[in-house]
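Please read the structure below before turning to the comments.
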Amino acid sequence: MPLPFQHALLVANPIAGAGRGERAAQGLQEALLAAGLRSELKLTRGSGDACRFAAERAPECDLVVSIGGDGTLREILNGLHQDGDELRLCPPVATMPMGTANVLAIDFKLPKKIPGIVEMIRGGVTRELDIAQIGSEGGPKITSFLAIGAGFDAEVVHRLDAARQGPISKLSYIPHVARAVATFRPPALTVTVDGAALEGTYGQIMIANIINYGGILKLDPATQSDDGFWELYLWRKGNRRELMRSAIRGAIAHLPGGPCTRVRAKKIQISSTSPFPYHVDGDPGGFTPFEFEVTGRRQAILVPRS
């Protein structure tokens, strides 16, 4: 069966997969060519490259392939959706997961090997993914497609980023988690959901459109990636005791429950008495206050047939 696409843009992080990203991208390009699909390969060399490649080259292609981790994929989606034109059609995106967590790949059960990816592209089956944007009021917005957190998880992400040198693995988080456990003091976050302020403050919040958080915790299994809402998970205190209880619950069963509550939302504002870090899809995002909004746009993601 011929491939349902004519020309693909491959965007690869060469250091993904412990430095195997470039070689894997070349192998996938050769396999796609053998299957009858022309493609051009762009290698990222720094932050923002994947976004720029997607914005500049995707209009000339009918498929974009992300080769790397969730960060590479987020940059590609940012490039595809950065103009805010709701009428502009974006090509579907396939992904070759080679990152640390590969959260979307877990949720969507995406293949990791080249033959499976070629077969997935051949099938042309897609799932829709609600796209959100986040940023400070009046400032530039960036795309999010997985999860945003403010609290302990953001503290760890910012600590790791400050010390990062080259590729990382899940083991890279361990020393930063340990240091954060010893010194972390929860913020007092004020939360507004779809125009209504929630009573009191919270020590940890997470806004998510996924089920598998960080590849470790399971969130609400009823979450739908394309229903126009994201889930807001809330911890009143956000201290070590609450988060440990939720970590055990999320590893064994799923959240919400116990100290964690949840509401569904399209627009959320988070503020605090003093600036506190937040993360966007596992990367440092900035500091409070920030605004989050489901844009109403969706991105087609290629998935296996079954």
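Every test in (1) small (G, A, S); (2) crowded, with 16+ Cβ neighbours inside 10 Å; (3) under 18 Å from the mean Cα position of the chain (by Cα) is passed by G296 save one, and that test is (2). Look at (1) crowded, with 17+ Cβ neighbours inside 10 Å; (2) at pLDDT 95 or above and you find that G17 fails only one, number (2). Counting only residues that are out of contact with any Gly (no Cβ under 7 Å at 6 or more places or on another chain) and crowded, with 20+ Cβ neighbours inside 10 Å, which one in the range 121-132 is farthest from F290 (Cα to Cα)? That would be I121. The sole residue among A247, A265, A197, A251 that is farther than 30 Å from R122 by Cα, open to solvent by 20 Å² or more (accessible area, probe 1.4 Å), at pLDDT 95 or above and among the hydrophobic types (A, V, I, L, M, F, W, C) is A197. Filtering the range 32-55 to residues that are assigned to a helix (DSSP H, G or I), open to solvent by 30 Å² or more (accessible area, probe 1.4 Å) and touching a residue at least 12 places away in the same chain (Cβ under 8 Å) leaves R52, A55.
The values are calculated or read from the model by the stated rules, or taken from the named source; none is laboratory data. Bear in mind that the values here come from a model prediction, so they are computed numbers and not experimental data. A quick note on method: Cβ atoms are made from the backbone with ideal geometry, for glycine too, and the neighbour counts reach across all protein chains shown. All accessible areas refer to the heavy atoms of the entire protein, side chains included, with ligands and DNA or RNA removed. Shrake-Rupley method; radii C 1.70, N 1.55, O 1.52, S 1.80 Å.
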